[in-house]
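Values in this text are rule-based calculations from the coordinates and carry no lab data. Every value quoted in this text rests on a predicted model; they were computed, and no experiment measured them. Positions of Cβ are generated from backbone atoms using ideal geometry, with glycine treated the same way; all protein chains shown enter the neighbour counts.
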Amino acid sequence: MSTTEFIPAQTPPSSDKSKRRKAKAILAGGLVLGIGAAVTLAAWNDSEFVKGAFGSGHLNIEGRADAGTAFADHGTSAAALSFTTDFGNMSPGDIVVMPYAVRLDRASTYDASVTVNKPNTAGGDNAKGNLSYRVVTVDSFADCQPGATGSVVVEGASLNSAETLAAFDLNKAADAQTDAVEQHLCIQVTAGNGLQQDQSVTATWEFVATTS
């Protein structure tokens, strides 16, 4: 005897469920599109600009050789010094001196520290090697004498050498209508025992002012 098996037919998905799935898919897509639009709209920006104007200060040293001479700038040509009597007729053991004063000009906006470089020389080697020099600070032009013993700024064994011992300071003027305080110096040159006759030499000292 044969048996007949009945298999129930599968019920097709209801149209309501299918519609719900489509609705969810569409809704999800809408959410993604909505988030992307929100990010784009949030990219606000704004700028702020500032500027500054810059410039440099001023530093200039000037000098004079005696009390009756006005201060001048000798940055391109050296001031001529007239040493004491017989500076052109020296013999071993002689000492000649010359005062000099320096200061900062009224327009300088910085204080300065000043050093003295080894002199540039022109002339006979005998004179260069047998004339020694020193530079000291003094209170006035009148104090520049062969025996002056102020603060030693520089002292060389000869015109060919130099050893900087100390610097001296210059202060800027209080304002553009006031002269700065000047510093008096005494340059001393001594003839050594090996100095020969009929020798001559020219020495040029450089005073270097550096902002401090």
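Placing +1 on each Lys and Arg Cβ and -1 on each Asp and Glu Cβ, with no other charges, gives segment 81-211 a dipole about its Cα centre of roughly 180 debye. Computed over segment 81-211, the Cα gyration tensor eigenvalues convert (square root of 5λ each) into semi-axes of 30, 15, 12 Å, ordered from largest to smallest.
Close amide H contacts of H74 (hydrogens built in the peptide plane, cut-off under 5 Å, sequence separation of 5 or more or a different chain): G63. Centroid-to-centroid, using Cα positions, segment 61-105 and segment 153-174 are 15 Å apart. Taking other Cβ atoms within 10 Å as a rough exposure proxy, H58, H184 sort from fewest to most as H58, H184.
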